[in-house]
Amino acid sequence: MYLKSIEITGFKSFAKKSDLTFASKVSSIVGPNGSGKSNIAEAFRFVLGEQSMKSMRGKKGEDMIWNGSSEMPKAGKASVKVVFDNSSRFLPLDFSEVTLERVVHRDSVNEYYINGSQVRLRDVIELLAGAHIGASGHHIISQGEADKILNASVRERKGMIEEALGLKIYQYKKIESIKKLEKTRENIGQVESLRREIAPHIRYLKKQVEKVEKAIEFKNELLGLSVEYLKREDDYIKQAHQEIVEKKTPLLGEHRQVLVSIETVKEHLKNAEHKDAKSSELISLEESIFTIRQRKDTAVRDIGRIEGEISSQMRLIKKQEELARSNEWKTVQLRAVEDLHAQVFDLIGDLEHATDQQKISSSIQTVKGLLKAFVEMHRDTVDTTLIKEAESEIQKLGDERSVLEKNIDAVSREENEARAQYEALKHSIEKEKDTNREAEKELFVLMSREQNILSDIKTYETQESRVRILEDDFKRELTELSMLLGRDVLAFGEKHFELREGREAQEERRRKIEKIKIRLEDSGGVGGGETVKEYEEALERDQFLERELTDLSSTAESLGILIGELDTKIASEFTVGVEKINRQFSEYFAMMFGGGEAKLSVIREQRAKKKSDLDDLSPTPGIGEDEEVEEGEAGIDIEVSLPRKKVKGLIMLSGGERALTSIALLFAVSQVNPPPFIILDETDAALDEANSRKYGDMIETLSKFSQLIVITHNRETMSRAGALYGVTMGQGGVSKLLTVSFEDAVAVAK
Ligand code: ATP
C-alpha cells in the first residue's frame with residue numbers, strides 16, 4: 001500500500017476540504033453522474049504535476065478552482081495533497097511518509113510542496129519518475145480514455161510504454177544531459193569566441209609588455225650606468241674643482257706677493273738714480289790722487305837727484321880718502337911719535353883726577369887736535385877743503401833730502417788717505433752697482449714669474465670654466481635622468497666606485513647612456529605599469545577561460561558518455577521491457593478474447609520536433625498541437641489479430657474490442673512494471689457482463705502488484721473492491737465524500 005490518503009480543498013467541485021483515506025488494495029469510488037468522481041481522478045493528475053489543462057478538462061489554472069455557487073463563494077485557490085507510505089522507499093526520499101501538495105491560484109500560479117517544503121515542478125516530476133508515476137501516465141486512465149493508448153501515435157505510445165517501464169527517469173536524465181551538453185557546447189562556443197576576441201588584444205598587449213619589459217631592462221641598465229656615471233662625474237667635478245682651487249689659491253697669494261716685490265724692487269731702482277754724484281766725487285778724488293802722485297813723484301825725483309849729487313860728493317870724498325889711504329903705510333920717526341906721545345900723555349895724565357868737565361872736554365879737544373896735527377904733518381897733501389866742501393854739500397843735500405823725505409811721507413799719507421777714500425767710494429759705487437744689477441735681475445725674474453703665475457692662473461681659470469661646463473652638463477644630465485628613471489637615480493651619492501680609471505671610460509659610459517636613452521625612447525614602453533597590469537589581467541582572464549574550456553570540454557565529454565550510457569540503458573531496458581509486456585499482453589489478450597494474438601512492435605516513424613521544455617516533461621508531449629516533423633526515434637505499433645476473425649489492425653476493432661485490447665495492454669504493462677497505484681476512471685464502461693467479470697479478474701490479479709482506485713458504475717467491478725467511497729453532490733454543486741456499503745454502492749450504480 002503506497003497511497004495513504006488524498007485531501008482535496010477548493011479543487012473543482014470539492015469546494016470544502018475533503019479527505020479520502022485508502023484502506024484497501026482496491027478502492028472503488030461510486031456516485032451519480034456529475035457528482036465529482038472524475039474530479040477525484042483529476043485531483044490525482046493535478047497533484048502529480050499534470051501540466052495539460054486539457055487532460056483535466058480545463059483551459060487554464062483557474063478552471064481547477066472551485067468556481068462558487070449559491071451555497072458557497074468561489075475559492076481563491078485549489079489545493080490537493082496526497083500522502084504516500086514510503087516505508088518501502090519506493091520514492092527516492094529518506095522519509096517513511098511523503099506528502100505531495102500542489103496549489104493553484106486564480107492567477108494560475110502554481111506551488112508545489114514535498115513534505116511541506118516548497119519545491120519546483122521539476123523536483124516533483126523527478127521524484128515521481130523514480131517511482132514511474134508520471135502526471136498523465138499510464139496509471140491514470142481518465143474517463144473515456146481507456147483506448148487512449150490505442151489512439152495515441154506510435155511515438156506517444158512509445159512514451160507511455162517507456163514511462164510505464166520506468167525509463168522516463170533515464171530520459172529526463174538524458175534530456176537534461178543533452179540540455180546540459182547543449183548549454184556546455186554553447187558555453188564552449190562562447191568561451192572560444194571570447195578567447196578569439198581577446199586573443200588579438202592579448203597579442204597586442206604581449207607585444208606592448210615585451211616592449212615594457214625591454215624598456216625595464218633598458219631602464220635598469222640605464223639606472224646602473226647612470227648611477228655610476230653620475231657618481232663618478234660628481235666626484236670628478238668636485239675633485240677637479242678642489243685641485244684647481246688648491247693650485248690656484250696659492251698662486252693668487254704668490255701673485256700678490258710678487259706684485260708687492262715688483263713694487264719694492266722698482267722703488268729700489270728708482271733710488272739708485274742718485275749714483276752720479278758719487279761718480280763725480282770719485283773723479284775728483286782720482287784727480288787729487290793724481291796731483292798728490294805728481295807731487296810725490298817730483299819729490300822722489302828730487303830725492304833721486306839729491307842722492308845722485310850726494311853720491312857724486314861721496315865719490316869726491318872717497319877719492320880724497322883713497323888719496324889719504326895711500327899715506328897709510330908711511331913711516332914716521334920715532335922721535336916725532338914720542339913727542340906726540342909725551343904731549344898727549346901730559347894732557348891726559350892731568351885729567352886722571354880731574355873733575356872739571358870743561359877741562360876734560362877741552363883736553364879731549366886738544367888731544368884730538370894734537371893727533372890730527374900729527375897725522376897731517378906726516379901725510380901727503382890731501383885737498384881737505386874740497387872734502388870739506390863736499391861734506392858740506394852732502395850735509396846740505398842730506399838736509400834737503402830729509403826735507404823731501406818728510407815731504408814724501410806727508411804726500412804718501414795724503415795719497416793713502418785719498419786712495420782709501422777713493423777705494424771706499426769706488427767700493428760703494430761698485431757695491432751699489434751690484435745691488436742694482438741684482439735688483440734689475442730680480443725685477444726681471446719677478447716679472448717673468450708674474451707672467452708665469454698669470455699664465456698658470458689663466459690655465460686654471462680655463463680649467464675652471466671647463467669644470468663649470470661639466471658641472472652644467474652634469475646638472476642637466478641629472479635632471480634628464482631623474483625624469484626618465486625617477487628617484488632611484490638620485491641615490492647615486494651613496495654609491496662607491498673604484499676611482500682609478502681614465503676619463504675615457506667615463507666618456508664611454510656617457511656614450512652608452514645616450515645610446516640606451518635613445519633605445520629606451522624608441523622602445524616606446526616607458527611607464528608601462530598599466531599595460532603590464534592590463535596584460536596580466538587579460539592573460540589571467542584568458543587562462544581562466546582556458547581552464548574553463550578544459551572544464552567545459554571534460555564536462556561535455558562526460559555528458560556525451562553519460563548520454564551514450566543512458567541511450568544504451570534506455571534501449572536495452574526498453575527492448576527487454578517490450579518483450580516482457582508482449583508476453584503479458586498476448587496472455588491477457590488471449591484471455592479477454594478467448595484466443596487471438598496481440599503484440600507491440602518497435603517501428604520508426606516521423607517524429608515531432610520538440611517545442612518547449614514542458615514537452616519533455618510531459619509523458620505525452622504536444623499531442624494535437626502544431627508540430628514540426630522530423631525523422632525520429634522508434635515508435636510502438638500494436639498488432640492484433642482476433643480469434644476466428646480476419647480482423648487485423650486496431651482500426652478495424654469495435655468499441656468494446658478496442659476497450660478490451662486497451663485494458664489487456666494496460667494491465668500487461670502495469671504487471672511488467674507495476675506502478676504504486678493505478679486509477680481507472682470508468683475503464684469498464686464499455687464492457688458487457690462477461691467481459692466485466694474478466695475485467696474484475698484482471699483487477700484482482702493486478703492488485704497484487706499495484707494499489708487500485710477504480711471509479712465505476714459497474715457492479716462487478718465494485719464487488720472486487722475492498723473499500724467503497726461514495727461521492728455525492730448537493731444543490732450547491734459541492735461534492736462530498738463518504739464511505740458507503742456495497743449495497744449502497746450498488747444502489748447508486750443502478
Ligand atoms: P459521470 O458519472 O457522469 O462521469 P462524475 O461523477 O464523474 O460524472 P464529474 O465529471 O467528476 O462527475 O463532475 C463534474 C461536475 O463538477 C460538474 O457538475 C461540474 O459543474 C463540476 N465542476 C467542474 N469544475 C468545477 C469548478 N471549477 N467549480 C465548481 N464545479 C465544478
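Some points to look at:
- Selected residue [in contact with a Phe, Trp or Tyr (Cβ under 6 Å, 6 or more places away or on another chain), of a type in the set (Lys, Arg) and part of a helix (DSSP H, G or I)] from Lys238, Lys248, Lys270, Lys211: Lys248
- Filtered residues of the stretch 19-47 (kept if closer than 17 Å to Gln707 by Cβ, of a type outside the set (Ser, Thr, Tyr) and touching a helix residue (DSSP H, G or I) at 6+ places or on another chain (Cβ under 6 Å)): Ile29, Arg45
Quick grid of which residues meet (1) over 26 Å from Glu228 (Cβ atoms); (2) touching a residue at least 40 places away in the same chain (Cβ under 8 Å); (3) loosely packed, with under 12 Cβ neighbours inside 10 Å:
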{"site": "Ala420", "(1), (2), (3)": "yes, no, yes"}
{"site": "Ala439", "(1), (2), (3)": "yes, yes, no"}
{"site": "Leu443", "(1), (2), (3)": "yes, yes, no"}
{"site": "Leu446", "(1), (2), (3)": "yes, yes, no"}
{"site": "Thr459", "(1), (2), (3)": "yes, no, no"}
{"site": "Glu494", "(1), (2), (3)": "no, no, yes"}
{"site": "Phe497", "(1), (2), (3)": "no, yes, no"}
{"site": "Gln506", "(1), (2), (3)": "no, yes, no"}
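- Among residues of the stretch 202-213 that are over 14 Å from Glu537 (Cβ atoms), those with a beta-carbon under 8 Å from a residue that is of a type in the set (S, T, N, Q) at least six positions away or on a different chain give the pairs Lys211/Ser523; Val212/Thr531.
- Of the residues Asp94, Asp85, the single one that is out of contact with any Pro (no Cβ under 8 Å at 6 or more places or on another chain), away from the ligand (no atom under 15 Å from the Cβ), in contact (Cβ under 8 Å) with a residue 60 or more places away in the chain and open to solvent by 10 Å² or more (accessible area, probe 1.4 Å) is Asp85.
- The residues of the stretch 327-365 that are closer than 20 Å to Thr384 by Cβ and β-branched (Val, Ile, Thr) amount to a single one, Val332.
- Filtered residues of the stretch 674-723 (kept if within 16 Å of the ligand (Cβ to nearest atom), under 24 Å from Glu162 (Cα atoms) and among the hydrophobic types (A, V, I, L, M, F, W, C)): Ile679, Leu680, Ile709, Val710
- In the set Ser24, Ser35, Ser70, only one residue is within 11 Å of the ligand (Cβ to nearest atom), in the same structural domain as Ser108 (by TED's automatic domain parsing), assigned to a loop (DSSP other than H, G, I, E, B) and more than 15 Å from Val82 (Cβ to Cβ); that residue is Ser35.
- Residue in the stretch 170-186 that is away from the ligand (no atom under 16 Å from the Cβ), of a type in the set (Asp, Glu) and more than 53 Å from the chain's Cα centre (by Cα) present: no
- Per the conditions (1) outside any helix (DSSP H, G or I); (2) under 26 Å from Gln395 (Cβ atoms), the sole criterion not satisfied by Trp329 is (2).
- Within the stretch 668-685, residues that are on the phi > 0 side of the Ramachandran plot have Cβ atoms under 8 Å from residues that are open to solvent by less than 10 Å² (accessible area, probe 1.4 Å) and within 16 Å of the ligand (Cβ to nearest atom) in these pairs: Glu682/Ile711; Glu682/Thr712, counting only partners at least 6 apart in sequence or on another chain.
- Pair list, Cβ under 8 Å, 6 or more apart: the stretch 340-356 residue small (Gly, Ala, Ser), other residue assigned to a helix (DSSP H, G or I): Ala354/Ile360; Ala354/Ser363
- Subset of the stretch 559-585 that is farther than 30 Å from Glu186 by Cβ and of a type in the set (Lys, Arg) - its residue that is least open to solvent (accessible area, probe 1.4 Å): Lys580
- The residue that is least open to solvent (accessible area, probe 1.4 Å), among those in the stretch 216-254 that are more than 17 Å from Arg500 (Cβ to Cβ) and basic (Lys, Arg), is Lys248.
- Here Glu50 passes the criteria (1) near the ligand (Cβ under 8 Å from one of its atoms); (2) out of contact with any strand residue (DSSP E or B) (no Cβ under 8 Å at 6 or more places or on another chain); (3) part of a loop (DSSP other than H, G, I, E, B) except the one numbered (1).
- Condition broken by Glu101, with the remaining ones in (1) surrounded by fewer than 17 Cβ atoms within 10 Å (Cβ to Cβ); (2) among the acidic types (Asp, Glu); (3) modelled with pLDDT of 95 or more satisfied: (1)
- Yes/no for Glu62 being open to solvent by 30 Å² or more (accessible area, probe 1.4 Å), closer than 24 Å to Ile711 by Cβ and not in a loop (DSSP other than H, G, I, E, B): no
- Filtered residues of the stretch 283-326 (kept if more than 21 Å from Glu391 (Cα to Cα) and of a type in the set (Ser, Thr, Tyr)): Ser284, Ser288, Thr291, Thr298
- Screening Lys25 with (1) more than 17 Å from Leu680 (Cβ to Cβ); (2) open to solvent by 10 Å² or more (accessible area, probe 1.4 Å) gives one miss only, at (1).
- Taken together, the criteria place Glu471 among residues that are charged (D, E, K, R), assigned to a helix (DSSP H, G or I) and surrounded by 15 or more Cβ atoms within 10 Å (Cβ to Cβ).
- Qualifying residue in the stretch 5-13 (condition: more than 16 Å from the ligand (Cβ to nearest atom) and either of a type in the set (Asp, Glu) or not assigned by TED's automatic domain parsing to the domain that holds Leu702 (or both)): yes
- Flag if Ile292 is more than 30 Å from Ala439 (Cα to Cα), under 60 Å from the mean Cα position of the chain (by Cα) and surrounded by 12 or more Cβ atoms within 10 Å (Cβ to Cβ): no
The values are calculated or read from the model by the stated rules, or taken from the named source; none is laboratory data. In this text, all values refer to a predicted model and were calculated from it rather than measured experimentally. Cβ: placed from backbone, ideal geometry, glycine included. Neighbour counts: every protein chain shown. Remember, those area values only see protein heavy atoms, side chains included, never the ligands or the DNA or RNA. Shrake-Rupley method; radii C 1.70, N 1.55, O 1.52, S 1.80 Å.
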